[in-house]
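Asks: Here it is, the structure, as structure tokens.
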Amino acid sequence: MELSQDVILECNNCGHQNIIDKKSFEVEEYSSERKMGPEIEWDFHGDFNCEQCGHLMECRIMGYEYPEGALNSWDKEVSGCVVLYKPSFVIDN
Ligand SMILES: [Zn+2]
């Protein structure tokens, strides 16, 4: 799974909307066994600094692939910023 679009993070400090290149997220993959096979959690994360004020923005976006090939759900954890717009994902098998 990959992020299919850049992510826009709004800085909590100054309100600037930072466009974060989807390729600047680090990706990790966790798998757990469930009834219909493995559920894969794709974890896109990174620490970024607001380009306007330098405020630290931490962002983690999780996409859950289950069953294989389908996006089941997604979630996010952020600190110092807000994720504008729902992230979109592509799954290529
Ligand atoms: Zn800022």
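Asks: Provide the net charge surrounding HIS16, with neighbours chosen by a C-beta distance below 9 Å and charges set as Lys +1, Arg +1, Asp -1, Glu -1.
Replies: -2
Asks: Report the gain in length on full extension from VAL90 to GLN52: 0.36 nm times residue separation, minus Cα-Cα distance, nm rounded to one decimal.
Replies: 10.7 nm
Asks: Right, next: Looking at the chain, which Cys residues are left with no other cysteine's beta carbon under 4.7 Å from theirs?
Replies: CYS59, CYS81
Asks: Still on this structure, please answer the following. Across the chain, how many lysine pairs separated by 8 or more positions, or lying on different chains, have Cα atoms within less than 23 Å?
Replies: 5
Asks: Continuing with this model, one more query. Can you tell me the length gained on complete extension of the stretch SER31 to SER73, counting 0.36 nm per residue apart and subtracting the Cα distance?
Replies: 13.7 nm
Asks: Cα atoms only, the chain: Rg and Dmax in Å?
Replies: For the chain, the Cα radius of gyration and maximum Cα-Cα distance read 14.2, 47 Å.
Asks: Which order do TYR66, TYR85 fall in if you start with the one that has the fewest other Cβ atoms within 10 Å?
Replies: TYR85, TYR66
Asks: Around ARG34, with a cut-off of 14 angstrom between Cβ atoms, what is the net charge of the other residues, counting Lys and Arg +1 and Asp and Glu -1?
Replies: Residues close to ARG34 contribute a combined charge of -4.
No value in this document is a laboratory result; all are computed from the given coordinates. Nothing here was measured: the structure is a model prediction, and the numbers come from that model. Every residue, glycine among them, receives a Cβ derived from its backbone with ideal geometry; neighbour counts consider all protein chains shown.
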